[in-house]
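The values are calculated or read from the model by the stated rules, or taken from the named source; none is laboratory data. Treat the numbers as computed from the prediction; the structure is a model and nothing was measured. Reconstructed Cβ throughout: ideal geometry from the backbone, glycine too, with neighbour counts over all protein chains shown. We work out accessible area using only protein heavy atoms, side chains counted, and drop any ligands, DNA or RNA first. Shrake-Rupley method; radii C 1.70, N 1.55, O 1.52, S 1.80 Å.
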Amino acid sequence: MLRNRHALITGAGSGIGAAIALTLAQHGCCLTLAGRSLDRLQQQAERLREEVHNLALHLAPMDVSNEHAVQAAVQQAEARLGPVNILVNNAGQAHSQPFMRTDATLWRQMLDVNLSGTFHVTQAVLPAMLAAASSAGGGTPGRIVNIASTAGLMGYAYVCAYVAAKHGVVGLTKALALELATKNVTVNALCPGYTETDIVQDAVRNIVAKTGQSEDQARAALAARNPQQCLVQPRQVAHSVLWLCTPGSDALNGQSIAIDGGENAG
């Protein structure tokens with residue numbers, strides 16, 4: 001379905017990023033796995049090679065908040081596997097603090113990773129993506145999928161910096177989608193609710209430490225925000241990424257799609 005498309009996924013070492021990498025590999029993509037930890041990327045690469053034979057794979061350890069590191073890593077990925085046709089901006093962090101205890105360091109960190117990181121990687125891959133999308137014979141469609149959050153669509157207490165950054169990702173998605181609308185490249189955002197990832201594990205530990213609840217009680221409290229009374233699973237986000245990247249999705253552009261069991265519908 002997506003045979004020989006080059007997909008670059010940030011935050012690919014675990015959680016949602018790992019699930020996206022597996023799903024796209026199973027549908028024919030060659031992959032660049034990007035993340036801060038080379039060890040995690042290597043472990044993920046081993047798992048992928050066990051699942052998908054003859055997989056073309058490149059590892060790109062980088063910090064998405066570092067513009068120069070991103071540019072260098074993307075150039076190496078393009079030299080290895082060609083232009084990036086599918087970019088999934090998945091890298092992110094979430095830290096909780098009341099507004100009055102959110103200092104400038106935390107504020108910058110949330111914006112640097114969640115928003116500026118999306119900007120840096122997109123800007124690095126876009127020239128070659130656009131060239132491939134406009135080449136003779138119709139070109140290879142470009143797909144940019146930003147993994148935002150329901151925090152990009154609504155407010156949550158005690159994570160103001162994270163909420164601001166994810167709202168920024170949604171705004172960036174809309175603006176860039178309009179710029180690229182006639183260039184055979186689409187830009188969309190997926191906005192998962194609480195998802196079974198390391199970020200939720202951290203949230204559970206934080207709730208336990210501050211409230212004295214058990215881990216099961218803390219997890220249930222997070223799941224209760226979802227009308228389906230469960231946490232979103234990484235594979236569910238991955239299948240939505242696949243949907244946005246497959247032929248026939250061309251008219252989906254500039255959208256921010258909630259994956260939250262209906263939380264955002266209330």
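Taking every alpha-carbon pair in the chain and binning the separations at 5 Å intervals from zero gives 1, 6, 13, 18, 20, 17, 12, 7, 4, 1, 0, 0, 0 percent. Two numbers describe the Cα atoms of segment 136-251: Rg and Dmax, which are 17.3, 62 Å. Over the chain, accessible surface divided per residue gives 46 Å², non-protein components excluded, 1.4 Å probe. Give me the distance in nm between label points sitting 7 Å out from Cα along the Cα-to-Cβ direction at residue 76 and residue 1, one decimal. Using points 7 Å along Cα→Cβ, the separation is 3.1 nm. Note on the chain: with neighbouring protein chains present and a 1.4 Å probe, carbon and sulfur make up 51 percent of its accessible heavy-atom surface.
Considering only 132, 64, 105, the residue lying farthest towards the positive end of the dipole of the chain is 132, judged by Cα position with unit charges set on Cβ. Restricting the trypsin sites (Lys or Arg not before Pro) of segment 1-109 to loop positions (DSSP other than H, G, I, E, B) with no more than 15 neighbouring Cβ atoms within 10 Å leaves 3.
For segment 12-132, a Kirkwood hydrodynamic radius built from all Cα pairs, placed in the Stokes-Einstein relation at 37 °C and 0.692 mPa s, yields a translational diffusion coefficient of 216 µm²/s. Under the convention that each Lys and Arg Cβ holds +1 and each Asp and Glu Cβ holds -1, the size of the dipole of the chain around its Cα centre is about 200 debye. Here segment 43-83 is treated as an ellipsoid with the same Cα gyration tensor; its semi-axes, largest first and in whole Å, are 23, 13, 5.
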